[in-house]
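Okay, so here's the structure we're looking at.
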Amino acid sequence: MSAPVPSDKPLRLGIAGLGTVGIGVVKIVQRHADMLAARAGRPVQITAISARDRTKNRDADLSNYAWESDPVALAMRDDVDVLVEVMGGHEGAAKDATEAALRAGKDVVTANKALLAHHGQALAELAEDLNRAIRFEAAVAGGIPVIKVLTEGLAGNAMRRVMGVMNGTCNYILTRMEEAGLPYDTVFEEARQLGYLEADPNLDVGGIDAGHKLAILAAIAFGTQVSFDNVVLEGIGRISIDDIRRAGDLGYKIKLLGVAQMTGRGLEQRMTPCLVPSSSPLGQLTGGTNMVVLEGDAVGQIVLRGAGAGEGPTASAVMGDVMDLARGLRLPTFGQPAGSLMQATPAVTSVPAPYYLRLQLADKPGALAKVATILGESGVSISRLRQYGHADTSAPVLIVTHKTTRDAIDHALAALPATRVVEGEPVAIRIEEL
Ligand code: NAP
Ligand code: HSE
């Protein structure tokens with residue numbers, strides 16, 4: 001890294017994408033031109049822009065910038081030093097423009113987690129071969145500067161675990177279900193009306209968007225090549241208001257939680273619904289806010305909380321990267337040379353944990369004993385058990401297990417139907433120990 005060198009030579013940005021994030025960046029550059037120049041020791045300017053529709057009204061004065069209808073042409077312009085890629089998508093324009101920029105000798109700042117989750121290693125190698133930088137603070141947890149904290153502030157730590165609620169839409173849906181007592185489908189529709197959902201809602205509620213973010217964090221934390229394909233993904237579509245209430249009775253909240261940790265059996269990466277203690281920082285996180293929890297051997301636990309999306313927060317993160325480049329601060333893409341990133345072996349099973357089980361149990365003598373037997377035969381030990389009042393001929397039963405494996409839980413779930421005392425589908429959700 002080198003110290004900022006005061007200079008009259010501006011850093012010239014080409015912005016590809018003029019949607020929520022792109023316009024947010026334009027507004028910051030226009031609003032804070034003097035402050036940015038003072039901090040960077042040189043002016044930061046936009047020279048050229050690109051989007052699909054030139055005629056769209058974009059709530060910003062873009063008249064001073066050259067227009068390119070092709071983002072690849074924008075990336076290669078002589079008057080562009082840094083491509084700001086804020087179009088989205090992991091193939092097509094975003095990938096082509098990023099590669100073109102690097103090959104033309106430009107640095108790249110992107111907010112595109114899908115691009116990095118799918119092509120992070122190849123892009124990091126390309127950038128390094130060409131002695132260029134790729135920066136992506138906005139790609140993970142929006143306005144929270146977690147990439148900088150992990151890559152720089154915690155560089156002296158062996159990371160133990162990285163966790164987080166990194167999809168604001170899912171956290172909004174789960175919080176709203178709980179607070180308003182509404183079912184998933186109703187709140188999903190509300191979220192759609194409010195414009196919270198991605199064009200493909202499964203990116204949000206299927207855990208894919210948050211999985212992209214987790215894969216990127218895991219690469220930096222554990223010095224591994226990004227391996228999104230090895231993230232165990234489960235969305236929130238099967239979470240019922242019943243489970244949210246029952247978990248609450250037991251002192252837990254349900255969150256779409258990402259967890260990455262290096263275990264003796266390989267790299268564990270999962271983005272799945274989990275129970276977390278209601279009193280924990282993650283348990284108290286409501287609405288569309290994000291939270292990332294970082295655990296290092298020297299520092300212990302750090303909790304970062306803030307807006308994970310939206311024009312201002314995401315543009316703030318993009319500008320943090322732009323300012324580093326303007327100041328001449330350069331780091332390898334994932335915090336260490338791309339060639340030194342290991343190809344991680346994926347852990348086939350997750351670290352043991354307690355589980356929450358909800359069963360609808362027939363009101364028959366010996367029903368509970370049959371369930372206890374199946375759990376015992378599967379190696380699952382009961383820690384707490386609660387039975388609720390009967391509805392007709394059956395009653396809900398909640399079980400919190402001692403630490404066990406997912407395999408043992410799955411073994412028990414597969415054996416339960418044969419008892420003929422469990423009605424419907426039992427629910428099993430991991431309880432994450434914080
Ligand atoms: P957006 O509002 O949909 O804007 C996308 C922009 O890209 C639009 O201006 C669009 O042009 C332009 N574009 C798309 N395809 C193009 C192409 N082939 N050629 C030229 N321009 C193209 O998206 P966004 O919300 O700003 O998100 C941008 C990126 O930031 C994505 O990678 C997203 O995942 C990431 N991100 C977003 C947020 C957030 O809060 N929105 C948070 C974190 C990260 P038109 O306007 O002409 O259609
Ligand atoms: N769809 C994402 C979310 C946007 O809800 O968090 C930011 O990546």
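Here's the picture: a label point sits 7 Å out from the Cα of A158 along the beta-carbon direction, and within the range 331-369 nothing has its amide nitrogen under 15 Å of it. Computed packing ranks the peptides 254-267, 21-34 as 254-267, 21-34, most packed first, by mean other Cβ atoms within 10 Å. Charges were assigned to the Cβ only: +1 to each Lys and Arg, -1 to each Asp and Glu. The resulting dipole of the range 84-134 about its Cα centre is roughly 120 debye.
Does the range 1-132 come out rounded, prolate or oblate by the C-alpha gyration tensor, with a ≥ b ≥ c the root eigenvalues, rounded set by a/c under 1.5 and, if not, prolate when a/b is larger than b/c and oblate if not? Because a/c hits 1.5 or more and a/b fails to exceed b/c, the range 1-132 counts as oblate.
Using Cβ contacts closer than 10 Å as the measure, can you line up V205, V165 from fewest to most?
On the way: V205 22, V165 26.
In order of increasing Cβ crowding within 10 Å: V205, V165.
For the range 376-387, backbone phi angles converted through the Karplus equation (6.51, -1.76, 1.60; θ = phi - 60°) give residue-by-residue couplings of x, 5, 8, x, 9, 9, 7, 9, 9, 9, 9, 10 Hz, Gly and Pro being listed as x. Protection proxy ranking of 352-363, 215-226, by the mean of other Cβ atoms within 10 Å over each peptide's residues and highest first, is 215-226, 352-363. Estimated from helical segments only, the mean residue ellipticity of the chain at 222 nm is -10000 deg cm²/dmol, where each DSSP H run of four or more residues counts as -39500 (n - 2.57).
Excluding residues on the same chain fewer than 8 positions from K148, give the lysines whose Cα lies under 27 Å from its Cα. Candidates past the 8-residue exclusion: K9, K27, K95, K106, K113, K213, K255. With a cut-off of 17 Å on the backbone N, the residues of the range 85-100 near the modelled label site 7 Å out from E125 along Cα-Cβ are 99-100.
Note down the magnitude of the dipole of the range 214-264 about its Cα centre, charges +1 on Lys and Arg C-beta and -1 on Asp and Glu C-beta and zero elsewhere, to the nearest 20 debye.
On the way: 5 positive and 5 negative charges, 32 e Å.
Using only the charged Cβ atoms, the result is roughly 160 debye.
Segment I241..D407, full-extension length gain: 57.2 nm, with 0.36 nm per residue of separation and the alpha-carbon distance subtracted.
Using a 10 Å cut-off around each Cβ, can you sort R246, R39 from fewest to most neighbouring Cβ atoms? Intermediate values should be presented prior to the final figure.
Numbers: R246 21, R39 14.
Placing the least packed residue first, the sequence is R39, R246.
When the Cα gyration tensor is reduced to axis lengths a ≥ b ≥ c, the ratio a/c is 1.5 or higher for the range 151-307, and with a/b above b/c it is classed as prolate.
Rule-based calculations on the coordinates, nothing more; no lab input. None of these values were measured; they are calculated from a predicted model. No Cβ is skipped: glycine too gets one built from the backbone with ideal geometry, and neighbour counts run over all protein chains shown.
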